[in-house]
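The values are calculated or read from the model by the stated rules, or taken from the named source; none is laboratory data. Predicted model, so just to flag it, every value in this text is computed and none were measured. For neighbour counting, all protein chains shown are included, and Cβ atoms are generated from backbone atoms with ideal geometry for every residue, glycine included. These accessible areas exclude ligands, DNA and RNA; they are computed on the full protein's heavy atoms, side chains included. Shrake-Rupley method; radii C 1.70, N 1.55, O 1.52, S 1.80 Å.
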Amino acid sequence: MLKLGVNIDHVATVREARYRDRAQGEPDPVAAALLCEAAGCHGITAHLREDRRHIQDRDVFRLRESIRTRLNLELANVPEIVAIALKLKPDIICLVPERRQEVTTEGGLDVVKHRKALAVTRRKMNDAGIEVSLFIAPDVEQVEASAEIGAQFIELHTGQYAEHFHHKRERNAELRRLVDAATLAHRLSLRVNAGHGLNGENLPVLHLVPHLVELNIGHSIISRAMAVGLPKAVKETLGLLKGYRG
Ligand code: PXP
């Protein structure tokens, strides 16, 4: 069964738009996470960014106490946030690149270039009982480097696939890269997640990519929730994952 992790960052984005630097305010990402769980999602994902533009420290600790599914903390490999993750003890972390100007995570991690530093964090997390995923572009070298440093998971960046979805040639080329990367990762004993830009339109075609364990989806679910409510948006997305053959 293909699992769904819901990324709740955008709930906090709306809250911060009005209540920045306040201890409280609506909407509450933790309440949203509980609604997503009640609707059947398999995990909650939150990105604690260095600039705290959406999710705050208190959110991740409340999530840790409240949710019953898996907590996936996305973070950049920087000492301050790594220390918080070690204290928080999420079930899994996903290391992502982070640039201050970007609206959302734009590119994949360069595991080849940052192999040493990522290996150190990978070991610290595993020693603390936390699984490690690396958010990477579907490139052979990045998959190989992820296996070499001992990550348990990779998360394949589907941004380019989503971006080119309406251009058949580019879309097919991206699909090919995703299929090849997932196949190689599976051969190297990495488990494979995917995410970024996935929505009702492009999800059915993504079923062509083998070995997927979990998809992390934020924007399309939170957007759809404005029309139909969060529980229904989550259930609709779960419906689109059904029938995945792996
Ligand atoms: N996976 C990772 C690593 C992300 O950083 C994000 C958010 O940018 C997502 C998945 C979810 O992407 P989206 O909000 O486009 O569904």
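Tabulated data for the structure shown
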item	result
Complete set of residues in region 77-87 that are within 14 Å of Ile55 (Cα to Cα) and open to solvent by 10 Å² or more (accessible area, probe 1.4 Å)	Ile84
Condition broken by Thr13, with the remaining ones in (1) open to solvent by 20 Å² or more (accessible area, probe 1.4 Å); (2) hydroxyl-bearing (Ser, Thr, Tyr); (3) in contact with a strand residue (DSSP E or B) (Cβ under 9 Å, 6 or more places away or on another chain); (4) in contact (Cβ under 8 Å) with a residue 40 or more places away in the chain satisfied	(3)
Residue under evaluation Lys3, criteria (1) farther than 17 Å from His196 by Cβ; (2) within 15 Å of the chain's Cα centre (by Cα); (3) open to solvent by 50 Å² or more (accessible area, probe 1.4 Å), criterion not met	(1)
Residues located in region 207-232, provided they are over 15 Å from the mean Cα position of the chain (by Cα) and within 12 Å of the ligand (Cβ to nearest atom)	Ser223, Arg224
Test: residue in region 67-74 that is surrounded by fewer than 21 Cβ atoms within 10 Å (Cβ to Cβ), more than 20 Å from Ser220 (Cα to Cα) and under 16 Å from the mean Cα position of the chain (by Cα)	yes
Boolean, His42 is over 16 Å from Glu214 (Cβ atoms) and within 18 Å of the chain's Cα centre (by Cα)	no
Those residues of region 144-180 which are within 17 Å of the chain's Cα centre (by Cα), of a type in the set (A, V, I, L, M) and within 15 Å of Leu212 (Cα to Cα), in sequence order	Ile154, Leu156, Leu178
Residue match in region 112-131 (condition: under 17 Å from Glu214 (Cβ atoms) and touching a residue at least 12 places away in the same chain (Cβ under 8 Å))	yes
Check on Ala194, without any contact (Cβ under 8 Å) to a residue 60 or more places away in the chain and under 19 Å from Gly107 (Cβ atoms)	yes
Filtered residue count, region 50-83, keeping only those that are over 20 Å from Asn193 (Cα atoms) and touching a strand residue (DSSP E or B) at 6+ places or on another chain (Cβ under 8 Å)	9
Matching option when the condition is open to solvent by 50 Å² or more (accessible area, probe 1.4 Å) and within 16 Å of the ligand (Cβ to nearest atom), among Arg53, Arg62	Arg53
Hits in region 1-26 (condition: away from the ligand (no atom under 16 Å from the Cβ) and in contact with a Pro (Cβ under 9 Å, 6 or more places away or on another chain))	Arg15
Residues being surrounded by 19 or more Cβ atoms within 10 Å (Cβ to Cβ) and modelled with pLDDT of 80 or more - total across region 94-124	10
Residue ranges of strands (runs of 3 or more DSSP E) in region 127-246 with at least 1 members open to solvent by 50 Å² or more (accessible area, probe 1.4 Å) and of a type outside the set (Gly, Ala, Ser)	191-195
Neighbours by Cβ (under 6 Å, 6+ apart or cross-chain): first from region 224-246, within 17 Å of Asn7 (Cα to Cα); second part of a helix (DSSP H, G or I) and basic (Lys, Arg)	Ala233/Arg224
